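Enquirer: Structure below; questions to follow.
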Protein chains: 2
Amino acid sequence: MRYGIAVFPSKKVQDVANSYRKRYDPHYALIPPHITVKEPFEAEESEIEEKIIPELKEIAKNTEPFSYGIYKVSSFSPVTNTIYLKVEPSEEIFNLNEQLHTGSLPDKKDFKFVPHITIAQKLSDDEFFDVYGSLSMNKFDIQDNVGRFQLLYQLENGAWSVYETFRLGEG
Amino acid sequence: MRYGIAVFPSKKVQDVANSYRKRYDPHYALIPPHITVKEPFEAEESEIEEKIIPELKEIAKNTEPFSYGIYKVSSFSPVTNTIYLKVEPSEEIFNLNEQLHTGSLPDKKDFKFVPHITIAQKLSDDEFFDVYGSLSMNKFDIQDNVGRFQLLYQLENGAWSVYETFRLGEG
């Protein structure tokens, strides 16, 4: 099965992100707004139960809840026409991402970790320039907390279903 | 905020349900296939954190994982044109539903508890008779396990986001 690990922002941030995703993100219906903290990986359910979940519990226990800021949108252009709410980099979120690539957890990283909440993707070049031109003028002043991360698995239709929640700072 | 409690079936059952939901359920994009074990209720986040989550943990700890069967589709007609995979009633699932209406948890029940996984809803009468006529001929022979339930909250767009997972039989 295909698994991934994400942080879901608070409702207020998810509602802001969805106001854009509704129009600009074809993945709108597949998963709520999220910060991917570990890229999708393949694993057997037995491996998830026996090795990965115990390690995720340990990582959660040893990670204190933390906060992050969102102040602007940014984009992965010219690599892809993805536009996102930029999660202000912090030691805590990089540390969480690092931890999630240790032990039995697959350590493959296709990209440098750029914490973000996607709000638009798969736009044509023309759409991208229009939308990004307008969104990049927006200033945000959002503070949000990360108190947990979630292990998800992907269904045949591409949607993601939550398998388990891990609370930071709890055993 | 609006909260609800659901059990998500295993991937194989979710994939079966989605093969129908895709065509017949306008809520397809708002939540993966699920068994609602507690109807949506309003609560403050502080109440959720301080009272409801501790009680849900206790209920989960005192409930052993259990299995259930799905053998056919059924419907809520003539009350609504909803068609569902019928979750074979069992003491365990009724007990879980009962427990989720005790203590600080809102005890309001608008409907008798009928465990089910919705696969079609909001059909016109004509569609309903067509679709139900065809689906009700199907026989299923599915066994699935319940090892956890999830507390969800609803976003402004109507979609549901998982707040926390509770593993049955664990403290």
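The values are calculated or read from the model by the stated rules, or taken from the named source; none is laboratory data. Computed from a prediction, not measured in an experiment: that's the story for all the values here. Ideal geometry is used to build each Cβ from the backbone, glycine not excepted, and the neighbour counts take in all protein chains shown. The protein model used for the area step is the full one, side chains on, heavy atoms only, and it has no ligands, DNA or RNA in it. Shrake-Rupley method; radii C 1.70, N 1.55, O 1.52, S 1.80 Å.
Enquirer: More than 12 Å from every other protein chain (Cβ to nearest Cβ) and touching a Ser or Thr at 6+ places or on another chain (Cβ under 9 Å): does that describe A:ILE52?
Expert: So A:ILE52 passes the test.
Enquirer: Sticking with this structure for a sec: Can you name every residue in region A:81-102 that is among the aromatic types (Phe, Trp, Tyr) and surrounded by 15 or more Cβ atoms within 10 Å (Cβ to Cβ)?
Expert: Listed by number, the list holds a single entry, A:TYR84.
Enquirer: Right, another one. What number of residues in region A:112-171 are in a helix (DSSP H, G or I) and either within 10 Å of chain B (Cβ to nearest Cβ) or surrounded by 17 or more Cβ atoms within 10 Å (Cβ to Cβ) (or both)?
Expert: Selection size over region A:112-171: 4.
Enquirer: Given the residues A:SER67, A:SER10, A:SER19, which is the only one that is closer than 25 Å to B:GLU45 by Cα, without any contact (Cβ under 8 Å) to a residue 40 or more places away in the chain and open to solvent by 10 Å² or more (accessible area, probe 1.4 Å)?
Expert: One residue alone meets the criteria, A:SER19.
Enquirer: Which residues, taken from region A:26-60, are open to solvent by 10 Å² or more (accessible area, probe 1.4 Å) and either farther than 24 Å from B:LYS12 by Cβ or touching a helix residue (DSSP H, G or I) at 6+ places or on another chain (Cβ under 6 Å) (or both)?
Expert: A:PRO26, A:TYR28, A:PRO32, A:HIS34, A:THR36, A:GLU39, A:PRO54, A:GLU55, A:LYS57, A:GLU58, A:ILE59
Enquirer: Test each condition in (1) farther than 27 Å from B:ARG167 by Cβ; (2) in contact with a His (Cβ under 9 Å, 6 or more places away or on another chain); (3) not acidic (Asp, Glu) for A:THR36 and report the one that comes out false.
Expert: Unmet for A:THR36, out of (1) farther than 27 Å from B:ARG167 by Cβ; (2) in contact with a His (Cβ under 9 Å, 6 or more places away or on another chain); (3) not acidic (Asp, Glu): (1).
Enquirer: Moving to a separate point now. B:PRO78 fails exactly one of the following numbered conditions: (1) within 15 Å of the chain's Cα centre (by Cα); (2) within 30 Å of B:PHE128 (Cα to Cα); (3) surrounded by fewer than 20 Cβ atoms within 10 Å (Cβ to Cβ). What is the number of that condition?
Expert: Only one criterion is unmet by B:PRO78, namely (1).
Enquirer: Another one. Looking at (1) touching a residue at least 24 places away in the same chain (Cβ under 8 Å); (2) under 14 Å from the mean Cα position of the chain (by Cα), which one does B:ILE52 not meet, given that it meets all the others?
Expert: (2)
Enquirer: If you don't mind, there's one more thing I want to ask. Identify the residue in region B:1-31 that is touching a His at 6+ places or on another chain (Cβ under 8 Å) and of a type outside the set (A, V, I, L, M) and, among all such residues, is nearest to the other protein chains (Cβ to nearest Cβ).
Expert: Ranking the candidates gives B:PHE8 first.
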